[in-house]
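Below is one structure, written out as structure tokens; comments come after it.
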Amino acid sequence: MTANHSSGASLFGGYYQGRNVLVTGAVGVKGTWLCLALEAAGAKVTGLDLRSPPPDSNFVLAGLGDSVRLVQGDINDLGLMQDLLKENDCFFHLAALALVHDCKARPLETYRVNTLGTATVLEAFRLSSVAKRGLFVTTDKVYRPKANDRWLETDPLFSSGAYAISKACAEQVIEDYRQDLEVAGKHFGIARAGNVLVGGDLNSSARTNGAGRIFVDCFEALIDGESPRIFSPSYTRPYTYGLDIVTGYMTQLARMDESGIQGEAFNYGPHEQGGIANAFLATKICETWGGDIRWSGGPLRNEPYQTQALNWDKARLRLGWQPAYTLLESIRDAATWYREWSKVGSVPTPGELRGIDLGLLERHARAAKELGIWWATAAAPGGMTSS
Ligand SMILES: NC(=O)c1ccc[n+]([C@@H]2O[C@H](COP(=O)([O-])OP(=O)(O)OC[C@H]3O[C@@H](n4cnc5c(N)ncnc54)[C@H](O)[C@@H]3O)[C@@H](O)[C@H]2O)c1
């Protein structure tokens, strides 16, 4: 991919070329990559986020402050959401409290943002005469734990913990709006992805009062020349490269008016559909980083799920989507990002990592094209190139 907007016509069937698109949670890990990928596909992006981007965040280092129109505000502000949906004909709703253990510590705020916030976005969508398509990002953690099998979109929802319940409740609210949206000719979808693995995530345990993510802890320790301490090493998670997830979201929205896609939920997960053990992930990250540092075991975390595995056959069959990267390729590109990020000085320069980010986008798009994945080929909507 390149940031040159004229080339966007060959991505996602040209759907995003010149289109006004809103991203909620734009400053977040996925939001930032989504803004970059949308720009590369030719979109004019407006971002909404509660916080202004930290100086060392990927949002700032990617130079998105210059190209994305960033609005600072709350998704629960209905008037603001209505204004934003007067200007954008489609949106991706990502804003959330997204760390399981942070949600556990702040349940009321979690329900306010993840559930009521989604209801507010739905209401603004219902009232808008401009917005015609919206994608609602939830999570694979909406599913109930299932021993030794991969989750399907038809599996029962509602597990335990504020994060999982708030997102499952959000899905029920979306369901309640289904008829109104359909009558109004609006298209929507739900995306349930596995654990993201990508550069740009700064949610280490040290930065989040113990609520961080394992792969971020790994890279942070390796940058400091220390042995990463890994909690719950035997637990498995469907670690998926962030750009594979983001391009899945963009595919689902771009093809939303096709039958079998409108109003549907889709899983997005890795090639390793049985999930990946945290210990294996940490071992491969240490090996990829180089040197002789190895991880050591930390305490077990109290989590509802010991194993998580996702079946994403529906996305493959209906959207022509599959991950462009294997686990090792995902770790390779994440390591590239964290290595470059570790060289950023104490006073970061906006746009300093833009070249790195665009290079990572481009390498990922090349891999997708070689595999014939729909979004990376010039196929028009309806002409899937993989099945
Ligand atoms: N990261 C993962 O492993 C993962 C896995 C599955 C699903 N998800 C989902 O994907 C989405 C993005 O996740 P992420 O990892 O990028 O999270 P993130 O925490 O990096 O980004 C979320 C963003 O939402 C913003 N936000 C929070 N409350 C807000 C509000 N009231 N109004 C406006 N903005 C608000 C935050 O400031 C943050 O920038 C979330 O919905 C999350 O639940 C994430």
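One table, with the values for the structure above:
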| quantity | calculated |
| --- | --- |
| Cα gyration tensor, the range 267-313 - rounded (a/c under 1.5), prolate or oblate | oblate |
| Whole-number Å³ per residue for the convex hull built on Cα positions in the range 19-61 | 56 Å³ |
| Projected-area average for the range 23-123 over all orientations - Cα convex hull basis, square nanometres | 6.4 nm² |
| Vicinal HN-Hα couplings computed from phi for the range 258-271 (Karplus, 6.51 cos²θ - 1.76 cosθ + 1.60; Hz; Gly/Pro x) | 7, 5, x, 10, 4, x, 9, 9, 10, 8, 10, x, x, 4 |
| Three-way shape call for the range 43-199 based on the alpha-carbon gyration tensor, with the a/c threshold at 1.5 | oblate |
| J(HN,Hα) series, the range 53-61, from Karplus relation 6.51 cos²θ - 1.76 cosθ + 1.60, nearest Hz, glycine and proline x | x, x, x, 9, 7, 4, 4, 6, 5 |
| Overall form of the range 275-387 per C-alpha gyration tensor (a/c, 1.5; a/b vs b/c) | oblate |
| Kirkwood-Stokes translational diffusion coefficient of the range 17-376, alpha-carbon pairs, 37 °C, 0.692 mPa s, µm²/s | 161 µm²/s |
| Charge tally in the Cβ shell below 12 Å around Gly355, where Lys, Arg are +1 and Asp, Glu are -1, Gly355 excluded | -3 |
| Residues Val71, Val23, Val216, Val100, sorted so that the one with the fewest Cβ neighbours within 10 Å comes first | Val71, Val100, Val216, Val23 |
| Most mobile of Ala164, Ala206, Ala309 in a GNM of the chain (Cα contacts under 10 Å) | Ala206 |
| Rounded to 5, percent antiparallel among DSSP beta bridges of the chain | 10 percent |
| 15 Å reach of a label modelled at Asn302, 7 Å along Cα-to-Cβ, counting backbone N of the range 134-174 | 160-163 |
| Segment Glu287-Arg332, length gained on full extension (0.36 nm per residue, minus Cα span) | 15.2 nm |
| Of Thr251, Thr288, Thr115, the one that fluctuates the most in a GNM where the chain has Cα springs shorter than 10 Å | Thr288 |
| Whole-Å distance, taken between Cα centres, linking the range 21-78 and the range 126-149 | 20 Å |
| Cα-projected label distance for Ser227 with Glu175, points at 7 Å along beta-carbon direction, nm | 4.8 nm |
| Residue-averaged 222 nm ellipticity for the chain, from DSSP H runs of 4+ at -39500 (n - 2.57), nearest 500 | -11000 deg cm²/dmol |
| Sites Leu317 and Leu127 - FRET efficiency at Förster radius 35 Å, r taken between beta-carbons, to 0.05 | 0.55 |
| Cα-based reach from Lys86 at 20 Å (exclusive), listing lysines while leaving out same-chain residues under 8 positions away | Lys44, Lys132, Lys186 |
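Throughout, read-outs are computed from the coordinates displayed, never taken from laboratory work. Bear in mind that the values here come from a model prediction, so they are computed numbers and not experimental data. Positions of Cβ are generated from backbone atoms using ideal geometry, with glycine treated the same way; all protein chains shown enter the neighbour counts.
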